[in-house]
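First the structure, in the form of structure tokens, and then the observations on it.
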Amino acid sequence: MNMKQKLLRVVKLLAMAVLLFYVTVFVLIYFATQDVIEQTTGPVSREQAVKHCPIKLPLGAHNIQYASLAGGLQDCEQFVHFEAQVSECHSHAESIFAECSKNGLRKPIPQFQPVSHPHKVVSSRLRTEWFDNERIAKGVVAGEGTGSEPRIWIDEERGIFYYFVTD
């Protein structure tokens, strides 16, 4: 094999490697940007929700609605709304924050603060008109709502639990 043939072989191998690289990058970007959406079309029972709801649900949860989006490159939104006894809403929120603290950044468990008519949380890509946290007249709120810590509101007059997290 002369020098010209060796050089041609190296160029062909290099061209194949570059082509393989670009095909791999294209496939990764294509699949990393595909959104996976799970959402209810109306209130559902706990039995119906438990398979697809993005969070665990307490036994007394009813009139459950949720919407979650998992997109490429760690794009995530989760909304959950359910009705339950106020005490069950509080204990469930505490268990969620305890689990997040254990699994996440080992941050202290956030403390609930009183809230009245908070800013409405909306999604640009999910149907969340039922996530009416702005209707809370007397309630509490805790958490950041980003990364490893959700934001949770509890409507203490109507017995409604609201959960939101985005990444």
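The values are calculated or read from the model by the stated rules, or taken from the named source; none is laboratory data. Since we're looking at a predicted model, the values are computed, not measured. With ideal geometry, Cβ positions are generated from the backbone for all residues, glycine too; neighbour counts draw on all protein chains shown.
Would you be able to say whether some residue in the range 140-161 is aliphatic (A, V, I, L, M), surrounded by fewer than 21 Cβ atoms within 10 Å (Cβ to Cβ) and in a helix (DSSP H, G or I)?
No: the range 140-161 contains no residue that is aliphatic (A, V, I, L, M), surrounded by fewer than 21 Cβ atoms within 10 Å (Cβ to Cβ) and in a helix (DSSP H, G or I).
Matching residues to (1) in contact (Cβ under 8 Å) with a residue 24 or more places away in the chain; (2) over 20 Å from Gly42 (Cβ atoms):
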| residue | (1), (2) |
| --- | --- |
| Glu83 | yes, no |
| Glu88 | yes, yes |
| Glu94 | no, yes |
| Lys107 | yes, yes |
| Ser123 | yes, no |
| Arg135 | no, no |
| Val140 | yes, yes |
| Trp153 | yes, yes |
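Only residues in the range 60-72 that are free of Cβ contacts under 8 Å to residues at least 24 places away in the same chain and on the phi < 0 side of the Ramachandran plot count as the first member; pair them with residues that are surrounded by fewer than 21 Cβ atoms within 10 Å (Cβ to Cβ) and in a strand (DSSP E or B), Cβ under 8 angstrom, at least 6 apart or cross-chain, and list the lot.
So the pair list comes out as His62/Glu83.
Can Ser101 be described as farther than 16 Å from Pro54 by Cα, out of contact with any Ser or Thr (no Cβ under 6 Å at 6 or more places or on another chain) and not charged (D, E, K, R)?
yes
Within the range 147-162, identify whether any single residue is among the hydroxyl-bearing types (Ser, Thr, Tyr) and out of contact with any helix residue (DSSP H, G or I) (no Cβ under 7 Å at 6 or more places or on another chain), and answer yes or no. Show your work before the answer.
Of all residues in the range 147-162, those among the hydroxyl-bearing types (Ser, Thr, Tyr) come to 148, 162.
Pick out the ones that are also out of contact with any helix residue (DSSP H, G or I) (no Cβ under 7 Å at 6 or more places or on another chain) and you get none.
Looking for residues that are among the hydroxyl-bearing types (Ser, Thr, Tyr) and out of contact with any helix residue (DSSP H, G or I) (no Cβ under 7 Å at 6 or more places or on another chain), one finds none in the range 147-162, hence no.
Inside the range 50-63, can you point out the residues that are modelled with pLDDT of 95 or more and touching a Ser or Thr at 6+ places or on another chain (Cβ under 7 Å)?
Passing the criteria: only His62.
Which one is surrounded by the fewest Cβ atoms within 10 Å (Cβ to Cβ), of the residues in the range 98-120 that are at pLDDT below 95 and in contact with a Phe, Trp or Tyr (Cβ under 7 Å, 6 or more places away or on another chain)?
Per the criteria, the residue is Ile109.
Determine which single condition His117 fails, assuming it passes every other condition in (1) closer than 16 Å to Tyr163 by Cβ; (2) touching a residue at least 12 places away in the same chain (Cβ under 8 Å).
Unmet condition: (1).
Look at the range 122-133 and say how many of its residues are part of a loop (DSSP other than H, G, I, E, B) and either modelled with pLDDT of 95 or more or loosely packed, with under 11 Cβ neighbours inside 10 Å (or both).
Of the residues in the range 122-133, 6 are part of a loop (DSSP other than H, G, I, E, B) and either modelled with pLDDT of 95 or more or loosely packed, with under 11 Cβ neighbours inside 10 Å (or both).
Return the residues of the range 67-104 that are in contact with a Gly (Cβ under 8 Å, 6 or more places away or on another chain), assigned to a loop (DSSP other than H, G, I, E, B) and under 18 Å from Thr146 (Cβ atoms); say none if nothing qualifies.
Scanning the range 67-104 gives a single hit, Gly104.
Considering only residues that are more than 13 Å from Glu38 (Cβ to Cβ) and of a type in the set (Gly, Ala, Ser), look in the range 58-97 and name the one that is surrounded by the fewest Cβ atoms within 10 Å (Cβ to Cβ).
Residues of the range 58-97 that are more than 13 Å from Glu38 (Cβ to Cβ), as a first pass: 58-63, 72-75, 81-97.
This time we only want the ones that are of a type in the set (Gly, Ala, Ser), so: 60-61, 72, 84, 87, 91, 93, 95.
Details: Gly60: 15, Ala61: 23, Gly72: 14, Ala84: 23, Ser87: 10, Ser91: 13, Ala93: 25, Ser95: 12.
By that ranking, first place goes to Ser87.
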